[in-house]
Amino acid sequence: MFITKRIGAKSKDLKKIEKLYIEAFPENERFSFSKMIKNESGNYETFGFYKDENFCGFAILLNSKDISHILYIATLPELRGSGLGTKALAALRRIKKDMRIIVDIERELLDCEENELRRRRKNFYLRNGYEETDIRYRWQEESYEILSSGGIVTKEDFGNFWKNLGINKNAKDE
């Protein structure tokens, strides 16, 4: 059975989540784990994913008004390709049923060694009901595009998302 649990700052699984977070995301794409978990702004949410009560992954979301941004989502490496990511996205869609959900993914680029992985990642989200938007930006020396679920998100919506949070993302449109 697949279970989704809201994770708080005192969760027994925080070490597992942090370990997977560090393993799954390159350093230039990571934000302060402790700041997200402490959630002093009240805008972050962390969810743990479990298969038969065993930890299998997590998602960290940032919320503003009617948009929920999946900042990070990962499953344990040995469980990838087993359908758990699809279950995790479906669970988040149920939890955030009244919100538009966005995710940023690394864009395919000319002569990029990781294009096949980036293509598979994008196709994963598209198969799970996400749609392309016209939002492209560059942040931390990487090029991204935004996909959305539950409604279209415009460039203006994306800018207002960060503005409402009082965060200067220092991103440049592409």
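The values are calculated or read from the model by the stated rules, or taken from the named source; none is laboratory data. These figures come from a predicted structure and were not determined experimentally. Glycine also receives a Cβ, built like all others from the backbone with ideal geometry; neighbour counts cover every protein chain displayed. Accessible surface is based on the protein model in full, side chains and every heavy atom, while ligands, DNA and RNA are left aside. Shrake-Rupley method; radii C 1.70, N 1.55, O 1.52, S 1.80 Å.
Are any of the residues in region 112-124 closer than 19 Å to ARG30 by Cβ and not in a helix (DSSP H, G or I)? Scanning region 112-124 turns up at least one residue that is closer than 19 Å to ARG30 by Cβ and not in a helix (DSSP H, G or I). In the set (1) modelled with pLDDT of 95 or more; (2) within 15 Å of GLY57 (Cβ to Cβ); (3) open to solvent by less than 20 Å² (accessible area, probe 1.4 Å), the condition left unmet by LYS87 is number (3). Of all residues in region 37-55, those satisfying the criterion of being at pLDDT below 90 and polar (S, T, N, Q) are ASN39, SER41. Within the span defined as region 46-55, every residue fails to be touching an Asp or Glu at 6+ places or on another chain (Cβ under 9 Å), farther than 23 Å from PHE124 by Cα and open to solvent by 20 Å² or more (accessible area, probe 1.4 Å).
Residue-wise test of (1) under 13 Å from the mean Cα position of the chain (by Cα); (2) closer than 24 Å to TYR50 by Cα; (3) open to solvent by less than 60 Å² (accessible area, probe 1.4 Å).
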position: LEU92; (1), (2), (3): yes, yes, yes
position: VAL103; (1), (2), (3): yes, yes, yes
position: GLU108; (1), (2), (3): no, no, no
position: CYS112; (1), (2), (3): no, no, yes
position: ARG120; (1), (2), (3): no, yes, no
position: GLY129; (1), (2), (3): no, yes, yes
position: GLU132; (1), (2), (3): no, no, no
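Evaluated against (1) farther than 23 Å from ASP157 by Cβ; (2) in contact with a Phe, Trp or Tyr (Cβ under 8 Å, 6 or more places away or on another chain); (3) polar (S, T, N, Q), SER34 falls short on exactly one condition, (2). Within region 57-84, being open to solvent by 20 Å² or more (accessible area, probe 1.4 Å) and of a type in the set (A, V, I, L, M) holds for LEU71, ILE73, LEU76, LEU79.
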